[in-house]
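Heads up: the structure comes next, in structure tokens.
The values are calculated or read from the model by the stated rules, or taken from the named source; none is laboratory data. Nothing here was measured: the structure is a model prediction, and the numbers come from that model. When we count neighbours, we look across all protein chains shown, and the Cβ atoms used for this are built from the backbone with ideal geometry, even at glycine.
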Ligand code: SF4
């Protein structure tokens with residue numbers, strides 16, 4: 001026995017070989033409105049139907065507004081977005097696919113609702129037409145982001161053709177200091193690896209700092225695996241995983257759970273498993289992280305300054321950094337905490353779960369959002385996260401401070417709806433991508449943890465959350 | 001899918017590393033429920049100075065003269081020369097559709113992001129991985145010359161450029177074959193239907209909890 005966790009889940013799903021790769025059986029398929037319409041269109045054109053209906057779960061998330069939701073689909077002002085959400089409705093109805101539609105209280109970001117419902121189970125294969133599907137790897141699952149042709153392929157055949165990745169281990173040693181979170185860990189990892197550093201690899205996150213994370217924290221880490229180019233991110237099964245799953249609607253219970261648990265306990269890498277690559281990170285020394293550039297590897301510590309491009313040896317990176325500084329409107333040498341903000345966004349599949357909202361609320365409690373900001377919004381990851389937060393009174397804490405408390409969806413993470421940055425506006429955002437224009441045409445994004453975002457909203461500039469604790 | 005065998009075309013050198021799919025086709029164009037109509041908004045935020053929207057007439061927009069795609073030397077291009085980690089970021093297949101519809105049949109780069117690379121093969125766009133030094137050299141020529149013409153031969157896995165030795169590239173045989181023949185991806189898997197059914201029976205016995213909500 002010398003298999004990694006990734007090897008084990010892979011091996012348990014091999015159906016056969018095709019000339020261009022291995023045919024893998026897919027246990028769970030998540031769908032949303034943006035990458036599915038053309039797949040359904042393809043099915044119809046070929047007269048095909050879904051192979052196993054029960055494997056699919058759909059929800060609209062990318063395009064839904066975060067206000068005026070009582071009006072349902074009619075509340076979507078943008079006619080093209082409305083059409084897309086209606087198309088998902090129609091496709092799910094026509095094919096008989098289970099959907100949490102825009103009016104369902106279980107609706108939310110697809111990567112939040114899968115785990116929340118217990119639909120993401122250990123040792124399974126999970127796919128979705130979305131690159132952040134890597135999130136679900138936190139459950140010792142093999143979770144892969146796929147393109148629309150593959151969405152159609154999975155619908156029709158319940159399989160995905162894949163070439164096996166290499167194994168990489170990222171060990172995070174020690175423990176996190178106060179004010180430092182899972183988001184800081186993953187930003188630091190991407191900073192080390194680079195945006196293409198894990199291409200062709202599946203990363204298993206190990207080490208004491210990962211083990212001591214909650215499932216929410218592990219999801220945050222796995223979520224951003226794709227930002228280092230990894231095909232997937234995984235965390236081994238343990239009691240934390242089991243504790244999270246118990247009692248969730250789609251998770252097994254009773255005898256079935258006992259049987260499942262027996263199998264799940266084996267979802268760890270064997271002690272003598274070999275990894276093609278290993279890297280280490282020391283959590284003890286980690287500070288809150290902030291991105292300053294236009295890709296997620298351009299990251300510094302919160303108490304650092306905007307770097308000069310010539311710190312990069314590689315001319316391509318130096319060029320990227322020069323372009324990033326210009327786009328971001330930054331001068332090398334400026335302290336990060338002097339960067340004034342226009343907006344703050346707390347949300348996205350990286351950081352919109354209940355724990356994220358609790359952390360942010362703790363920072364905000366009894367304080368006021370800076371009057372220099374044009375907006376500060378909190379967008380819960382799902383209707384159920386929203387309800388839970390309201391039960392705990394978190395919505396009140398945010399509203400009292402001057403945050404907008406919104407309805408669930410992807411929102412300003414990719415700005416397909418009305419929540420966005422306007423040209424040259426600067427934002428602290430808990431999302432996962434700071435690409436040019438990602439949060440709005442010519443918008444400037446700084447990726448941070450929920451605590452840092454909350455502290456920055458209070459301060460009106462990027463701020464160290466440890467000063468607010 | 002459109003087969004890819006032999007293609008001769010002009011090269012556009014896009015000298016940036018980490019070109020992400022958000023740049024190839026910005027999010028506002030993803031609202032379409034169709035597979036077509038993305039070509040005119042390829043690299044929208046780079047090709048135009050004003051903010052793009054679905055339905056905006058490209059002829060009435062303000063063009064960014066600085067961007068290589070708007071350089072008079074690089075019109076009617078069909079081969080894109082790129083840098084490392086091309087196609088990173090979002091899984092949107094719309095990026096591949098936009099490139100194809102714009103007329104790009106082939107992207108040459110030192111490395112590609114995994115999902116983008118996969119998506120290319122599903123649509124008949126050929127991604128070619130070539131060593132950094134050769135890429136560097138090609139950039140030199142493509143930027144100098146009026147227009148660099150390249151003949152891409154998938155069968156022989158080679159690039160022919162006038163007055164140069166042929167450049168050979170690697171490609172997984174299993175990926176080459178379907179592309180040469182333009183095979184239907186789903187059809188290829190359906191040839192294994194029995195195997196899938198047999199696997200499913202075994203899998204259901206081993207992990208019944210996965211099928212509990214069917
Ligand atoms: S929240 Fe952002 S990253 Fe996550 S699925 Fe939505 S758009 Fe993608």
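Observations on the model:
- Residue A:273 over 22 Å from residue A:380 (Cα atoms), at pLDDT 95 or above and surrounded by 20 or more Cβ atoms within 10 Å (Cβ to Cβ): no
- Test for residue A:382: is it under 23 Å from the mean Cα position of the chain (by Cα) and either buried (at least 23 other Cβ atoms within 10 Å of the Cβ) or away from the ligand (no atom under 14 Å from the Cβ) (or both): yes
- Among residues of the stretch A:343-354 that are without any contact (Cβ under 8 Å) to a residue 40 or more places away in the chain, none has a beta-carbon under 9 Å from a residue that is within 12 Å of the ligand (Cβ to nearest atom) at least six positions away or on a different chain.
- Hits in the stretch A:50-63 - residues which are at pLDDT 95 or above and either away from chain B (no Cβ under 12 Å) or within 16 Å of the ligand (Cβ to nearest atom) (or both): A:57, A:58, A:59, A:60, A:61, A:62
- Residues of the stretch A:416-430 satisfying the condition of being within 11 Å of the ligand (Cβ to nearest atom), under 12 Å from residue A:377 (Cβ atoms) and surrounded by 24 or more Cβ atoms within 10 Å (Cβ to Cβ): A:429, A:430
- Flag if residue A:154 is more than 9 Å from chain B (Cβ to nearest Cβ), within 19 Å of residue B:92 (Cα to Cα), more than 16 Å from the ligand (Cβ to nearest atom) and buried (at least 24 other Cβ atoms within 10 Å of the Cβ): yes
- Subset of the stretch B:161-197 [in contact (Cβ under 8 Å) with a residue 40 or more places away in the chain and more than 27 Å from residue A:46 (Cα to Cα)]: B:169, B:170, B:171
- All strands (runs of 3 or more DSSP E) inside the stretch A:338-445 with 1 or more residues being under 19 Å from residue A:467 (Cα atoms): A:343-346, A:426-429
- Flag: residue A:121 does not match the condition of being more than 16 Å from the ligand (Cβ to nearest atom), within 10 Å of chain B (Cβ to nearest Cβ) and assigned to a strand (DSSP E or B).
- Residues in the stretch B:37-52 that are within 28 Å of residue B:117 (Cα to Cα), within 12 Å of chain A (Cβ to nearest Cβ) and either in contact with a strand residue (DSSP E or B) (Cβ under 9 Å, 6 or more places away or on another chain) or surrounded by fewer than 15 Cβ atoms within 10 Å (Cβ to Cβ) (or both): B:48 only.
- Any hit, the stretch B:70-77, residues being modelled with pLDDT of 95 or more, more than 11 Å from every other protein chain (Cβ to nearest Cβ) and either outside any helix (DSSP H, G or I) or closer than 12 Å to residue B:20 by Cα (or both): yes
- Residue match in the stretch A:283-291 (condition: within 29 Å of residue A:375 (Cβ to Cβ), within 14 Å of chain B (Cβ to nearest Cβ) and touching a strand residue (DSSP E or B) at 6+ places or on another chain (Cβ under 7 Å)): yes
- Take the conditions (1) over 25 Å from residue B:96 (Cβ atoms); (2) without any contact (Cβ under 8 Å) to a residue 60 or more places away in the chain; (3) buried (at least 23 other Cβ atoms within 10 Å of the Cβ); residue A:124 misses just one of them, which is (2).
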